[in-house]
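K.L.:
The structure under discussion is supplied below as structure tokens; questions concerning it will follow.
The values are calculated or read from the model by the stated rules, or taken from the named source; none is laboratory data. Here the structure is a predicted model, which is why all the values come from computation and not from measurement. Here the Cβ is made from the backbone with ideal geometry for all residues, glycine too, and neighbour counts use every protein chain on show.
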Amino acid sequence: MASRGTLYLIPVPLADSVRGFDTELSVLVARITHWIVETPKVARAQLRLLCPDVDLNSLAMDSWSKHGGNDASALLKACIDGNDMGLVSDAGAPGMADPGAEVVAKAHELGITVVPWPGPSSLLLGLMASGLNGQQFSFHGYLPHDAGARKSLVARMDREAAAGSSHWFIETPYRNAKLFAELIQALSPSTRLFVGVNLSAPDEWIACHSVAQWRSTGVPSQIEAKSPAIWGIGR
């Protein structure tokens, strides 16, 4: 049996900035010709940011659906045949709140070497910048769309935050202002709410205050701007 290729998990910029990326990654991106991506158009733009000299026309790209039902074995065929592959999501680290994890799980099952590459993750950047508990925390991904389920989860996170853990989540940017209003109404006044908007971008905005303080400020313009954000609560 031919030796397997390696699956590289490649973080891409969270914004139109390559802050924190190095030339070693650029060399790797230039070398890999087989990619598993979330959205091909977005992936091409991100890879161009990481490696301006990459020949986009020479790349083979297969996309996976965020709605599930992906044939991970088929997506990994190039790796099975002995070629190195790269896996990217639309922003940040692959496998975090996206179905790229399905592909990684199948790679392990097939005996393919998996190499995670250092790079930006909104969750880790938020933890670093928040001052909230980074030793005991939970990441919930996107909050439920159902209002009742979302309210129940927020109440549970608030109770567990009072016991010392921190809780992290994301939301579709156009819902940021609505989510902010829901949170400052539902959370305990002493709970601290962190919001990090456009992390790593030139206009990034970071704030962490008690809910009581947030209630006195109104909705910040940065939250109303409908930009990508990471949210955290704790004590």
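K.L.:
Hey, any hits in the range 59-68 for a residue that's over 22 Å from Asn198 (Cα atoms), part of a helix (DSSP H, G or I) and in contact (Cβ under 8 Å) with a residue 12 or more places away in the chain?
P.N.:
no
K.L.:
Within the range 167-196, which residues are without any contact (Cβ under 8 Å) to a residue 24 or more places away in the chain and more than 23 Å from the chain's Cα centre (by Cα)? Give the steps one after another, and end with the answer.
P.N.:
From the range 167-196, those without any contact (Cβ under 8 Å) to a residue 24 or more places away in the chain are 175, 178, 185; that's our starting set.
Residue satisfying the conditions is Gln185 alone.
K.L.:
Looking at the structure I just gave you, is Gly119 at pLDDT 95 or above and either crowded, with 16+ Cβ neighbours inside 10 Å or over 23 Å from the mean Cα position of the chain (by Cα) (or both)? Spell out how you get there, then give the answer.
P.N.:
Working: at pLDDT 95 or above: no; either crowded, with 16+ Cβ neighbours inside 10 Å or over 23 Å from the mean Cα position of the chain (by Cα) (or both): yes.
Spelling it out, it is not the case that Gly119 is at pLDDT 95 or above and either crowded, with 16+ Cβ neighbours inside 10 Å or over 23 Å from the mean Cα position of the chain (by Cα) (or both).
K.L.:
Checking the condition in a helix (DSSP H, G or I), modelled with pLDDT of 95 or more and surrounded by 14 or more Cβ atoms within 10 Å (Cβ to Cβ), which residue from Phe194, Phe180 passes?
P.N.:
Working: Phe194 fails: in a helix (DSSP H, G or I).
Checking each option against the conditions leaves just Phe180.
K.L.:
(1) more than 18 Å from Glu160 (Cα to Cα); (2) at pLDDT 95 or above: which one isn't true of Gln185, the others all being true?
P.N.:
(1)
K.L.:
Within the range 203-222, can one find any residue that is in a strand (DSSP E or B), touching a residue at least 24 places away in the same chain (Cβ under 8 Å) and under 22 Å from Leu14 (Cβ atoms)?
P.N.:
Yes; the residues of the range 203-222 include at least one that is in a strand (DSSP E or B), touching a residue at least 24 places away in the same chain (Cβ under 8 Å) and under 22 Å from Leu14 (Cβ atoms).
K.L.:
Tell me yes or no: at least one residue of the range 208-229 is within 17 Å of the chain's Cα centre (by Cα) and either among the acidic types (Asp, Glu) or crowded, with 22+ Cβ neighbours inside 10 Å (or both).
P.N.:
Within the range 208-229, one or more residues are within 17 Å of the chain's Cα centre (by Cα) and either among the acidic types (Asp, Glu) or crowded, with 22+ Cβ neighbours inside 10 Å (or both).
K.L.:
Looking only at residues that are of a type in the set (A, V, I, L, M) and surrounded by fewer than 19 Cβ atoms within 10 Å (Cβ to Cβ) in the range 98-111, which one is modelled with the lowest pLDDT? Step through it out loud before you land on a result.
P.N.:
Of the residues in the range 98-111, the ones of a type in the set (A, V, I, L, M) are 101, 103-105, 107, 110.
Next cut, surrounded by fewer than 19 Cβ atoms within 10 Å (Cβ to Cβ) only: 101, 105, 110.
On the way: Ala101: 87, Ala105: 93, Leu110: 95.
So the residue we want is Ala101.
K.L.:
Restricting the search to the range 133-154, which residues are loosely packed, with under 12 Cβ neighbours inside 10 Å and aliphatic (A, V, I, L, M)?
P.N.:
Ala147, Ala149
K.L.:
All but one of (1) within 23 Å of Val12 (Cα to Cα); (2) under 19 Å from the mean Cα position of the chain (by Cα); (3) at pLDDT below 95 hold for His145; state the number of the condition that does not hold.
P.N.:
That leaves (1) as the condition not met.
K.L.:
Let me ask something else. Just checking, how many residues over the range 7-32 are surrounded by fewer than 16 Cβ atoms within 10 Å (Cβ to Cβ) and closer than 13 Å to Asp84 by Cβ?
P.N.:
3
K.L.:
Also: Which of the residues spanning the range 136-150 are touching a Ser or Thr at 6+ places or on another chain (Cβ under 8 Å) and over 14 Å from Ala161 (Cβ atoms)? It would help to see each step written out before you state the result.
P.N.:
Within the range 136-150, the first condition is being touching a Ser or Thr at 6+ places or on another chain (Cβ under 8 Å), and the residues that meet it are 136-138, 142.
The one that is touching a Ser or Thr at 6+ places or on another chain (Cβ under 8 Å) and over 14 Å from Ala161 (Cβ atoms): Tyr142.
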